[in-house]
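Input: a single structure, listed below in structure tokens.
Every number in this text was worked out from the coordinates using simple rules, so none of it is lab data. Since this is a predicted model, take the numbers as computed values, not measurements. For neighbour counting, all protein chains shown are included, and Cβ atoms are generated from backbone atoms with ideal geometry for every residue, glycine included.
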């Protein structure tokens with residue numbers, strides 16, 4: 001059947017209106033609605049002392065002209081409502097290395113607290129001076145190719161954090177200390193594969209924004225090169241959790257991908273991860 005020019009124009013206008021409507025929704029509503037998400041993840045060889053440990057995650061805050069300080073304050077309050085035992089801040093506190101927003105972002109996170117500490121790493125948008133300095137002033141421990149140890153339930157656990165550009169297995173091995181009880185904080189979820197080679201049981205990441213714009217039938221187009229856009233992935237005996245984050249970059253829109261404050265609860269590898 002032939003389509004008339006009038007019908008073609010009508011269809012085009014309707015499609016255009018749909019795109020504009022979705023964009024307006026993603027700009028005015030969805031990107032501002034921080035939700036709390038809860039995921040239970042099975043970790044290989046998890047010590048009994050860490051079973052049911054709740055890790056709170058905030059990532060990809062991107063404080064700047066597109067993401068207000070109040071938005072980050074709201075995300076921190078949402079996370080604290082779940083009373084995490086430990087908090088991981090997984091990078092991209094600002095956008096394009098804009099240092100003028102570093103202090104404001106750190107201050108917006110000032111209400112965070114956790115009995116086993118707050119640990120931060122840098123993302124590809126963060127500079128290596130102003131951002132870590134601002135975070136340290138708030139009492140957060142910044143791990144830039146560094147490892148620390150924390151005592152949980154009588155068990156000493158290693159927590160390692162790497163820079164975005166650290167990716168060679170040999171370099172990761174120097175930070176993680178080899179296989180065992182280390183939790184690796186890596187902004188880029190592609191570090192799952194190096195972690196799996198090294199026997200690191202758990203990797204926590206951000207960077208993908210969950211795709212930020214998730215289209216019907218197409219999914220998270222912008223995040224296809226990663227092991228998973230959001231949620232859980234596995235390689236060998238290593239598990240990965242990717243948070244879709246809080247802020248936006250390039251365009252101030254989220255669609256089918258609301259910002260999140262994530263709670264990850266650890267359990268033994270015999271359990272089923274959500």
(Q) So if each residue of separation counts as 0.36 nm, and I subtract the Cα-Cα distance between residue 82 and residue 236, what length gain in nm does that give? (A) 52.4 nm
(Q) Springs between alpha-carbon pairs under 10 angstrom, Gaussian network model over the chain: which of 175, 242, 221 fluctuates most? (A) 221
Q) Counting each DSSP H run of 4 or more residues in the chain as -39500 (n - 2.57), what helix-only mean residue ellipticity at 222 nm follows after dividing by all residues, to the nearest 500 deg cm²/dmol? A) -7500 deg cm²/dmol
Q. By how many nm would the segment from residue 129 to residue 193 grow when fully extended, if each residue of separation counts as 0.36 nm and the alpha-carbon distance is taken off?
A. 20.2 nm
Q) Extent of the chain along each principal axis, from alpha carbon coordinates, in Å, largest to smallest? A) 73, 42, 35
Q | Cα-based shape type of the stretch 100-181, given that a ≥ b ≥ c are square roots of the gyration tensor eigenvalues and the cut on a/c is 1.5 | A | oblate
(Q) Using a Gaussian network model on the chain with a 10 Å cutoff between Cα atoms, which of 99, 155, 38 fluctuates the most? (A) 155
Q: For each of 225, 167, count neighbouring Cβ atoms within 10 Å of the residue's Cβ, then give the residues from fewest to most.
A: 225, 167
Q: Quick one: compute the contact order of the stretch 7-268, relative version, from alpha carbon pairs under 8 angstrom and 6+ residues apart, as a percent.
A: 28 percent
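With 23 Å as the cut-off, how large is the P(r) tail for the stretch 71-228, expressed as percent of Cα-Cα pairs?
Values: 5008 of 12403 pairs.
Here the tail beyond 23 Å accounts for 40 percent of pairs.
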Q: For the chain, set up a Gaussian network in which alpha carbons nearer than 10 Å are linked by springs, and say which option among 251, 200, 214 fluctuates the most.
A: 251
Q. Sorted from largest down, what three extents in whole angstroms do the Cα atoms of the stretch 155-227 have along their principal axes?
A. 44, 27, 18
Q) What's the angle, to the nearest 10 degrees (0 to 90), between helix 5-28's Cα axis and the longest principal axis of the chain? A) 30 degrees
Q: Can you give me the three principal axis dimensions of the stretch 181-274 from its C-alpha atoms, in Å, biggest first?
A: 39, 24, 23
Q) Put a dot 7 Å past each Cα toward the Cβ at residue 70 and residue 147; how far apart are the dots in nm? A) 4.5 nm
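Out of every Cα pair in the stretch 48-161, what percent are spaced more than 20 Å from each other? Show your work: numbers first, answer last.
Values: 2415 of 6441 pairs.
Here the long-distance tail beyond 20 Å is 37 percent of all Cα pairs in the stretch 48-161.
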Q | Angle between the chain longest axis and helix 69-80 axis [Cα atoms, degrees, rounded to 10] | A | 50 degrees
